[in-house]
1. So which residues in the stretch 33-63 are outside any loop (DSSP other than H, G, I, E, B), open to solvent by 80 Å² or more (accessible area, probe 1.4 Å) and modelled with pLDDT under 70?
2. Return the residues of the stretch 216-230 that are at pLDDT below 80 and among the hydrophobic types (A, V, I, L, M, F, W, C); say none if nothing qualifies.
3. Looking only at the stretch 81-104, count how many residues are more than 14 Å from Ala62 (Cα to Cα) and in a helix (DSSP H, G or I).
4. Considering only the stretch 64-83, I want to know if a residue exists there that is under 22 Å from Asp150 (Cβ atoms), buried (at least 24 other Cβ atoms within 10 Å of the Cβ), modelled with pLDDT of 95 or more and not charged (D, E, K, R).
5. Are any residues in the stretch 85-94 closer than 21 Å to Ser125 by Cα, open to solvent by 30 Å² or more (accessible area, probe 1.4 Å) and in contact with a helix residue (DSSP H, G or I) (Cβ under 8 Å, 6 or more places away or on another chain), and if so, which ones?
Amino acid sequence: MKNNYSRYLFICLCFSLYSLISSAQFRATYFERGFAEVRKGNYTKAVEYLNYSLSDREYYQAYFFRGYAKFQLGDLLGGEKDLTYCLWKVPTHKEALHYRAIVRSQLSNYEGAFKDFEKAILYDSTNSEIYLNRAITQLSLEEYEAAIEDCNQAIKLNKKDKKSVIIRAIAETELENYEVALNDFNQVLKEDPFNQLALTHRAVCYRHMEEFELAEDDLQFILLKDSNNVDALLQ
């Protein structure tokens with residue numbers, strides 16, 4: 001009878017171990033599927049798969065990717081919640097800090113956003129994207145000099161960063177440094193003649209300079225290529 005009881009305990013232990021392994025494999029499989037969908041830009045499907053992977057709350061990386069996917073889908077509050085949980089588990093998670101800063105900026109929580117940007121830079125000081133996104137936040141707050149400083153740092157780290165050059169030019173336009181702004185816009189357009197963001201904001205710069213024909217030429221050029229471009233139509 002003792003042998004039968006020992007065999008029973010052994011079977012129960014094996015079953016428990018099998019259940020744990022199966023559960024871990026289940027979570028890992030759905031995490032991998034969710035990650036793959038994030039990379040393809042299929043964020044709704046990614047959230048669905050990542051939901052399955054989160055039966056274990058220790059799976060912090062799944063919270064990061066689900067938070068990122070929710071952010072891409074416009075669910076800012078849901079994205080912030082998942083990114084915050086990820087950071088509760090791993091306070092030095094630089095990607096979670098970066099994206100929570102962007103989310104908080106879009107939620108108008110600027111104090112929280114700048115704290116996250118600072119921490120993200122502390123852990124990842126060579127990532128030009130962090131400086132660029134902080135510059136965009138500063139631009140929205142009309143902190144033009146600070147935006148230019150961050151753009152300069154982003155460009156220093158990544159000389160191919162066209163978007164930082166454009167953001168810097170927009171800030172220079174607002175500071176009425178029109179020739180400096182035009183140099184930046186022209187630099188981008190020399191390499192990428194149909195960069196719609198650069199063309200639209202160069203037109204804005206021309207308009208401030210009262211060069212209305214040049215502004216209209218840029219906008220007409222965009223609309224010839226893309227007749228439904230909302231920004232160009234508004235300008």
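The values are calculated or read from the model by the stated rules, or taken from the named source; none is laboratory data. Everything numeric in this text was worked out from a predicted model, so none of it was measured. Here Cβ is always computed from backbone atoms with ideal geometry, including for glycine, and neighbour counts include all displayed protein chains. Just so you know, the surface numbers come from the protein's heavy atoms only, side chains and all, with ligands and any DNA or RNA stripped out. Shrake-Rupley method; radii C 1.70, N 1.55, O 1.52, S 1.80 Å.
1. Of everything in the stretch 33-63, just one residue is outside any loop (DSSP other than H, G, I, E, B), open to solvent by 80 Å² or more (accessible area, probe 1.4 Å) and modelled with pLDDT under 70, namely Tyr52.
2. Once the filter is applied, which keeps residues that are at pLDDT below 80 and among the hydrophobic types (A, V, I, L, M, F, W, C), the stretch 216-230 yields only Val230.
3. Qualifying residue count for the region: 9.
4. yes
5. Of everything in the stretch 85-94, those that are closer than 21 Å to Ser125 by Cα, open to solvent by 30 Å² or more (accessible area, probe 1.4 Å) and in contact with a helix residue (DSSP H, G or I) (Cβ under 8 Å, 6 or more places away or on another chain) turn out to be Val90, Thr92, Lys94.
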